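What follows is a single structure, written as structure tokens, with notes after it.
The values are calculated or read from the model by the stated rules, or taken from the named source; none is laboratory data. From a predicted model like this one, the values you see are computed outputs, not experimental measurements. Counting neighbours? That spans all protein chains shown, and the Cβs are built from the backbone with ideal geometry, glycine included.
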Amino acid sequence: MSLQFELKSAFSVKISWDSFNESDTYTVQWTQSSVQKKTTVSSSAIALVNLEPDTSYDVRVTSASSSTVLSDGFQTWSLEDPHLENLYTSVRLEDGTYDATQFDKSVHDVFLKYFNNIVQNGDTIYASVILKGAPKNIETRAVTEGSTTDVAGDQNLFLPFSKDSGSAQIVTLSNSVPIEDVEATSVSDVAVAQDLGGAVELLYTPESDTFTIGNNVYGVGDKFNLFGKMVTVADGSIVLVFEDTVAKVYPFTTTTASNVVGTLGSQFAKNYTCNVMNVVGSKTTGASGETYSSSWVYDTAADTIAEATRIVHTIDEDSANGTISIGVRHTDANSNTFIEPVVACASGSTTISAQDDSDNTVSTTIDPTGISFDTDDACIYFGAAQKFRIIFRDGTPSTLAIESYDADSGTYMTRSEFSDSS
């Protein structure tokens, strides 16, 4: 009985061995020089990633049931011949998807640089991103350079853009769900400038780490409308996160809105007006589902109607956990209109968000561990006139200060301060 080493690359290896029994667990230790790491697994195989190139490792596997020890060693490939296709295959899951959340920053950067050589267009990749200031693991669809990719629903897109590529890159996105003519006025110039049922080109410039669509330039943190959806450019490579938060067009004529607020009067039912209201959405097995309710305001003089607020209810793939999001209408500096989520609740957390003067989303999350902010300059104020505050400042060193407001100078004065310096 021995260890087998497969799918070796400059940064990874897959190790397997014969199982001692089906219910066994194993402690896996791998050592490079004097640096030792270990983990526990319940299967007789493990993929190790984030290894050093051209480096020798000693491996030791111990069975919990029999205390049997297997040991051997291997050497990773060099950067001159990295075998990165093995790195990608090593994070392939049983369902055919790929878990790139395992990569540390240096390995992720290499993966992104050679993305087009090892990834197939349309692959499902789980990626770690920074979205609205907070880290998240999301499911994405891979888009390779030079490809044309249909955008379907709220499917997030993992773009092949890398600052280390050394040259401009182009991908084409097409709308797989044609936008009805009635919705055209709600879509930004990004989509209106193209055939609404057609395609848009994204041209990436590595020097600025930005991409252009038409005459518009976008980078990490930017938001825009595309094919009737709100898109956020997430950090962690460039990932387009699609959300159904663009303000909708009223699905009926303004005449019906006029009648609802005018001549139609009230309608009553046992489980509708005074007792219970049921809103029913749909889902398929293995997929999440959602439903929503929107509130509209009809301008009787202008004969126009606008979506003011929206409540979105979701349930996960297993129908085990639900969430609720409350959104309000917001028009940004570029006259794009969104339904911006201001409160998002799950069983384990509640997030409250607000827009600053630059249309950036700033969020506060309450969960069982406490209260957290997604910026490095958020404050907690005390008193109706905000006479005192506690403020964190990131830096070298980072500080936490208690400050009071000085009416004469119109600024806050530090009264006590702590730092993380030794």
Which of the numbered conditions does residue 26 fail, given that it passes all the others? Conditions: (1) closer than 24 Å to residue 77 by Cβ; (2) in contact (Cβ under 8 Å) with a residue 24 or more places away in the chain; (3) not β-branched (Val, Ile, Thr).
(1)
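Quick one: which residue in 80, 22, 94 is among the charged types (D, E, K, R), at pLDDT below 90, surrounded by fewer than 15 Cβ atoms within 10 Å (Cβ to Cβ) and farther than 30 Å from residue 139 by Cα? First the steps, then the outcome.
Values: 80 fails: at pLDDT below 90; 94 fails: farther than 30 Å from residue 139 by Cα.
Unique residue meeting the criteria: 22.
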If residue 311 passes every condition in (1) surrounded by 15 or more Cβ atoms within 10 Å (Cβ to Cβ); (2) at pLDDT 90 or above; (3) within 20 Å of the chain's Cα centre (by Cα) but one, which one does it miss?
(3)
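Name the single residue that is farthest from residue 403 (Cα to Cα) among those in region 368-389 being in a loop (DSSP other than H, G, I, E, B), polar (S, T, N, Q) and under 22 Å from the mean Cα position of the chain (by Cα).
Selected residue: 369.
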I need the full set of residues from region 167-191 which are modelled with pLDDT of 80 or more and not in a strand (DSSP E or B), in order please.
167, 168
So, residue 38, is that one outside the structural domain of residue 204 (by TED's automatic domain parsing), over 30 Å from residue 145 (Cβ atoms) and among the basic types (Lys, Arg) or not?
yes
Residue in region 353-360 that is touching a strand residue (DSSP E or B) at 6+ places or on another chain (Cβ under 8 Å) and closer than 15 Å to residue 325 by Cβ present:
yes
Check 81, 99 and return the single one that is touching a Leu at 6+ places or on another chain (Cβ under 7 Å) and either under 16 Å from residue 157 (Cα atoms) or not assigned by TED's automatic domain parsing to the domain that holds residue 163 (or both).
99
For region 291-311, does any single residue satisfy the condition of being among the hydroxyl-bearing types (Ser, Thr, Tyr), farther than 21 Å from residue 251 by Cβ and touching an Asp or Glu at 6+ places or on another chain (Cβ under 9 Å)?
no
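If I filter region 125-141 down to residues being closer than 19 Å to residue 93 by Cβ and surrounded by fewer than 16 Cβ atoms within 10 Å (Cβ to Cβ), which single residue comes out as modelled with the highest pLDDT?
Only one residue tops the list, namely 139.
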Restricting attention to region 58-73, does a residue exist that is under 30 Å from residue 161 (Cα atoms), without any contact (Cβ under 8 Å) to a residue 60 or more places away in the chain and either of a type in the set (Val, Ile, Thr) or not assigned by TED's automatic domain parsing to the domain that holds residue 149 (or both)?
no
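Which residues, counting only those in region 9-32, are touching a strand residue (DSSP E or B) at 6+ places or on another chain (Cβ under 7 Å) and of a type in the set (A, V, I, L, M, F, W, C)? Step through it out loud before you land on a result.
Going through region 9-32, the residues touching a strand residue (DSSP E or B) at 6+ places or on another chain (Cβ under 7 Å) turn out to be 12-17, 20, 24-32.
If the condition is that a residue be touching a strand residue (DSSP E or B) at 6+ places or on another chain (Cβ under 7 Å) and of a type in the set (A, V, I, L, M, F, W, C), then 13, 15, 17, 20, 28, 30 are the ones that fit.
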Residue that is surrounded by the most Cβ atoms within 10 Å (Cβ to Cβ) [pool: residues in region 203-224 that are in contact (Cβ under 8 Å) with a residue 12 or more places away in the chain and in contact with a Leu (Cβ under 9 Å, 6 or more places away or on another chain)]
211
Within region 108-159, how many residues are touching a helix residue (DSSP H, G or I) at 6+ places or on another chain (Cβ under 8 Å) and assigned to a helix (DSSP H, G or I)?
5
Of 371, 380, 324, 391, which residue is within 24 Å of residue 291 (Cβ to Cβ) and aliphatic (A, V, I, L, M)?
324
Can you find a residue that is touching a strand residue (DSSP E or B) at 6+ places or on another chain (Cβ under 6 Å) and closer than 28 Å to residue 129 by Cβ anywhere in region 66-86?
no
Would it be correct to say that residue 51 is surrounded by 16 or more Cβ atoms within 10 Å (Cβ to Cβ) and under 24 Å from residue 239 (Cβ atoms)?
no
Of the residues that sit in region 385-407 and are within 15 Å of residue 420 (Cβ to Cβ) and hydroxyl-bearing (Ser, Thr, Tyr), which one is surrounded by the most Cβ atoms within 10 Å (Cβ to Cβ)?
399
Surrounded by 13 or more Cβ atoms within 10 Å (Cβ to Cβ), in a strand (DSSP E or B), at pLDDT 90 or above and outside the structural domain of residue 138 (by TED's automatic domain parsing): is that true of residue 365 in this structure?
yes
